[in-house]
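Enquirer: Once you've had a glance at the structure underneath, I'll fire off some questions.
The values are calculated or read from the model by the stated rules, or taken from the named source; none is laboratory data. Being a predicted model, the structure only gives us computed values, none of them experimental. A quick note on method: Cβ atoms are made from the backbone with ideal geometry, for glycine too, and the neighbour counts reach across all protein chains shown. SASA here: full protein model, heavy atoms, side chains in, ligands and nucleic acids out. Shrake-Rupley method; radii C 1.70, N 1.55, O 1.52, S 1.80 Å.
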Amino acid sequence: MTATHSFSTLVPDVILDAVESTGLWSDSRIYPLNSYENRVYQIGIEDSTPVIAKFYRPERWSEAQIREEHHALLALKAKGIPVVAPLEFKGDSLLNHNGMYFCLYPRLVGQHPEADNLDQLYQLGELIGQVHQGLSETHFEERLRVSPLKQMDTAANQILTGSTLLGNTELPKALQLPEKLKPLYKKQVATLRTLSETRINAYWPAQLRPIHGDSHRSNLMLHNGQFHLLDFDDCQSGIAVQDLWLHITQTENPRQQLSEIIEGYETYQAFDTRELDLIDVFKSVRVISYAAWLQSRWHDPAFVKAFGWFGSEDYWINHLNELKSCELEWGNISR
């Protein structure tokens, strides 16, 4: 499959054929859900509750990597940990239709967490601690291993050269960082990289652990009074704080939020507070990588439609301001 755009073949008849290849019988209702990296749909099922069909972006993950994701989820489910694991058909959760990997999930109805809600932050900390404890006997061989400086370098190089990560494809000039802004961008990234390297040299865990990898609010659902963790698409070998810091909002009490999260987390799993100094590193990497991600996916019509503002000079100026904010806020949360 090419990276040019395989999702263009994912028309309604193909989606329904894929779902019905499992033996389920669809009532032909298809409702697209918010997802840009993959394609996700709610599918109505005759005389039953709907299911969620997830079609993986071609060439992003290998079969072995996806199977590791599923194995981790099914293991957590078997331990009674509230995650949404893929359904199995004849003993297999990873399915293939017309050369495209997909899986089906049970539908979960609920609400996402409320920002700044301290009680919910405590509960989120509990859930993530429970997940990390549940994954403690899991060992990823195929999934990515976190490497913040490498990730920062790769994303920044793409933005500076105007070549995507997919086959060194040159981007249209309209999407590239303007030449006049490149010196400032290089300087800002270099500053953040130096700060990050200093923090990493001061402390980096001796061992990485399996984590969710992208546990933002949209990947959590409050269902029947219990939070559930969704979408392990970015699960990886990383460190605990990666799954915690995204729940801290820019308010007057970030330390109180952090305290609630950690207190809940330590109900199940010890937390090494030295990891707090790495929050600024991961925040900087996320800001740089987000811009590179938008660039590298611009061949996908869904991105053009959803992120039409991307690539303008105003966008890049705002991006530089966000990088500057990362520098100015360095250490505000952890110290």
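Enquirer: Once the dipole of the chain is set up with Lys and Arg at +1 and Asp and Glu at -1 on Cβ about the Cα centre, which of VAL19, ASN38, LEU74 lies farthest towards its positive end?
Expert: ASN38
Enquirer: For the range 1-150, what is the relative contact order in percent, using Cα pairs closer than 8 Å and at least 6 residues apart in sequence?
Expert: 19
Enquirer: With each label point set 7 Å from Cα along the Cα-Cβ vector, what nm distance links LEU144 and GLU59?
Expert: 1.7
Enquirer: Sticking with this one: How large is the charge dipole for the range 256-335, taken about the Cα centre, if only the Cβ atoms of Lys, Arg (+1) and Asp, Glu (-1) carry charge, to the nearest 20 debye?
Expert: 320
Enquirer: What is the percent carbon and sulfur in the accessible area of the range 106-181, measuring with a 1.4 Å probe over the protein chains and ignoring ligands?
Expert: Within the range 106-181, the accessible surface is 47 percent carbon and sulfur.
Enquirer: Between TRP309, TRP293, TRP61, find the one with the highest GNM mean-square fluctuation for the chain; connect C-alpha pairs within less than 10 Å.
Expert: Comparing TRP309, TRP293, TRP61 in the GNM, the peak value goes to TRP309.
Enquirer: Now for a different question. Taking GluC sites (Glu not before Pro) that fall in a DSSP loop and have at most 10 other Cβ atoms within 10 Å as cut points, what is the longest piece of the chain between them?
Expert: It works out to 142-251.
Enquirer: Keeping every protein chain present and rolling a 1.4 Å probe, give me the accessible area per residue for the range 106-248 in Å².
Expert: Normalised by residue count, the accessible surface of the range 106-248 is 48 Å².
Enquirer: Once the piece of chain linking ASP116 and GLU322 is laid out straight, how much longer is it, given 0.36 nm per residue of separation minus the C-alpha distance between them?
Expert: 72.0 nm
Enquirer: Assuming a viscosity of 1.002 mPa s and a temperature of 20 °C, what translational diffusion coefficient in µm² per second does Stokes-Einstein assign to the range 197-335, Rh being the Kirkwood radius over Cα pairs?
Expert: The estimated diffusion coefficient comes to 126 µm²/s.
Enquirer: Mind putting a number on the dipole of the chain about its Cα centre? Charges go on the C-beta only, +1 for Lys and Arg and -1 for Asp and Glu, and I need it in Debye to the nearest 20.
Expert: Around 900 debye, computed over the chain.
Enquirer: Right, here's the next one. What is the spread of the Cα atoms of the range 157-237 along each of their three principal axes, largest first, in whole Å?
Expert: If we take the Cα atoms of the range 157-237, the spans are 53, 36, 24 Å.
Enquirer: Over 32 Å between Cα atoms, which of LYS54/LYS182; LYS54/LYS180; LYS150/LYS173; LYS79/LYS324; LYS54/LYS150; LYS180/LYS283 qualify?
Expert: Listed pairs above 32 Å: LYS54/LYS182; LYS54/LYS180; LYS79/LYS324.
Enquirer: Could I ask something else about it? For the chain, what does the equivalent ellipsoid look like in terms of its semi-axes, each the square root of 5 times an eigenvalue of the Cα gyration tensor, given largest first in whole Å?
Expert: 32, 28, 18
Enquirer: Carbon-plus-sulfur fraction of the accessible area of the range 14-72, 1.4 Å probe, in percent?
Expert: Of all accessible area on the range 14-72, carbon and sulfur atoms account for 48 percent.
Enquirer: With an 8 Å cut-off on Cα pairs and a minimum separation of 6 or more residues, tell me the relative contact order of the chain in percent.
Expert: 20
Enquirer: Oh, and also: Can you list residues whose amide H is under 5 Å from LEU222's amide H, if they're 5+ apart or on another chain and H is modeled 1.01 Å from N?
Expert: Residues meeting the criterion, in which the H sits 1.01 Å from N, are GLN111, HIS112, HIS228.
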